[in-house]
Each structure stands twice: as structure tokens, then as C-alpha cells.
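Heads up: the structure comes next, in C-alpha cells.
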Amino acid sequence: MDREQKEIVQEFFSNDAENIFEKIEKFSSLMIRYSCAVREIRTKFEVLNEELSFRAGRNPIESISSRIKKPVSIAEKLKRRGIEPTLEAISSSLNDVAGIRVVCSFIDDIYRVADMLAKQDDITVVQIKDYIKKPKQNGYRSYHMIVEVPVFFSESKLLTRVEIQFRTVAMDFWASLEHSMKYKKQSADRPDIAAELKSCAETIAATDARMLGIRKRIEALESEEK
Ligand code: 0O2
């Protein structure tokens, strides 16, 4: 944590020194709520994957990972947006405190699995950003969905937001490397490097489309043989 980050977290927790323990307890309790929401959604994907792989003989989901945003990243994001850093602001203004990444085999698996989740009656879809149909300027592709899921505690039911990022293995490969290079070096923003990265993203998207085409041809041949 650098000095500026330390100051942001200090501002978040200790403006009112008398209440610091109460604040920390409330913050921890909010984070428990997010981690329970993540568990609920992960289980839903695991169930879908098990069922779909039994029916189709292949796994539509390659891997699922999750994270809870670190306190310093939460405080930084609120500050960046000019929002007073309060507990209320975390749950009302941030959609990505709880995050899940679902890596699928093929592009059509993304839409199928996302749609199956969206149709579950305890899930409310709050927002969709389809960076597959409309990639970001730098070439980033992924399907983002913000959902609300109820988390049942001993005396309350709390609707909690989770950000889900759906990607193919290929999109994930590009995004992970792009993120690590951008994170480490300012020079990753140079126009020539940005253009090369974008070109890689396009090659990857074309390969994703060809792989889907190959799978469909194999499926068609297999159903002709039956
Ligand atoms: P981290 O460390 O991944 O959590 P919103 O949250 O909807 O209010 P935001 O943050 O602009 O606004 O949302 P958006 O566009 O849906 O993107 C959120 C996340 O998508 C990012 O989280 C990244 O994980 C991923 N992402 C978006 N654009 C890119 C990109 O160009 N490259 C890569 N590699 N990932 C991207 P964070 O907040 O950056 O952090």
C-alpha cells in the first residue's frame, strides 16, 4: 500500500476515531454479505455446469473464479467518483465489490449460461454490458452482468449485488495479459503497443468464431450419423 492509498483507507475508517471499532465491525459484516452472495452465485454456476455437461457431454464452463474488492480499491473507486466514503455508499454506489469470472469454452456457452442464470426466479438482472457484441476501443471483450441475489441471514434477507464477467478462454487469455502489462508499465499505453494489443484481440476473436464453427460442424456431422 503506498502513502496515498494509506491516506484513503485512513480517511475511510478513522475520520471519527471514537467509532472506529463500530465502523470496522460494520465493514466486516458488509464484506461477509458480499462473500456469501458470491458463494450463492458460484453454486448456481456449478449446478448449471454439472447439469449441462451431463446432458451435452462437455463442460460449457471451463473455470469460475471470484474475488471481493480490497478495502483500498473500494476507497479509491469511491474517491475517483467523488463519492463520500461511507458504508452506505459502498452498497448503493458500487456494483463490483463482489465479482465472479466465468470462463466458458465457446462464445455461445456465454450467452446460454448467462441467460439460464438470468431466468432463475431469485435473480434480478440490474445491468448488462456486452463487450463481445460491442468490444471496447482497446479490443477488450467480455460479457458483464450485474445481478442482485438474496442472501438469507438469521434475521434478515439482504439483496446483494454481484458483478459477473463471462469470457471465453481466449478472451480471458487476452484480458489477463493486457491487464498485467497495463498494470506494470505506463508504456503499455503507447499507441503502437495499444494497436498491437488490439490486433491480438481481433485475431483472438476471429479464432473464437472459427472454433465455434468447428464445434458446430462436428455436432452436425454427429447428428447426421445418428
Ligand atoms: P478489477 O481489479 O478487475 O476488479 P462499473 O463498475 O460498472 O460502475 P466500470 O468499472 O467502468 O464501471 O465497469 P466495466 O466497464 O464493466 O469494467 C469493470 C471490470 O471489467 C474491470 O474491473 C476489469 O476487471 C474489466 N475490464 C474492463 N475493461 C477492461 C480492459 O480494457 N482490460 C481488461 N483487462 N479488463 C477490463 P476493474 O475495476 O478495472 O478492476
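Listed values, structure above:
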{"item": "Selected residue [out of contact with any His (no Cβ under 7 Å at 6 or more places or on another chain) and either open to solvent by less than 10 Å² (accessible area, probe 1.4 Å) or more than 9 Å from the ligand (Cβ to nearest atom) (or both)] from Lys157, Lys182, Lys136", "result": "Lys157"}
{"item": "Extreme residue, nearest to the ligand (Cβ to nearest atom), among residues of the range 103-123 that are outside any helix (DSSP H, G or I) and surrounded by 17 or more Cβ atoms within 10 Å (Cβ to Cβ)", "result": "Val103"}
{"item": "Test: residue in the range 171-178 that is within 10 Å of the ligand (Cβ to nearest atom), in a strand (DSSP E or B), under 21 Å from Leu94 (Cβ atoms) and among the hydrophobic types (A, V, I, L, M, F, W, C)", "result": "no"}
{"item": "Members of the range 142-152 found to be open to solvent by less than 60 Å² (accessible area, probe 1.4 Å) and more than 9 Å from the ligand (Cβ to nearest atom), listed by number", "result": "Tyr143, Met145, Val147, Glu148, Val149, Pro150, Val151"}
{"item": "Answer residue from the range 69-102, given it is farther than 15 Å from Arg33 by Cβ, of a type outside the set (D, E, K, R) and near the ligand (Cβ under 10 Å from one of its atoms) and is surrounded by the fewest Cβ atoms within 10 Å (Cβ to Cβ) among those", "result": "Ser93"}
{"item": "Residue check, Glu155 over 20 Å from Cys104 (Cβ atoms), assigned to a loop (DSSP other than H, G, I, E, B) and of a type in the set (D, E, K, R)", "result": "yes"}
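The values are calculated or read from the model by the stated rules, or taken from the named source; none is laboratory data. Computed from a prediction, not measured in an experiment: that's the story for all the values here. Reconstructed Cβ throughout: ideal geometry from the backbone, glycine too, with neighbour counts over all protein chains shown. The accessibility values were calculated without ligands, DNA or RNA, using every heavy atom of the protein model including side chains. Shrake-Rupley method; radii C 1.70, N 1.55, O 1.52, S 1.80 Å.
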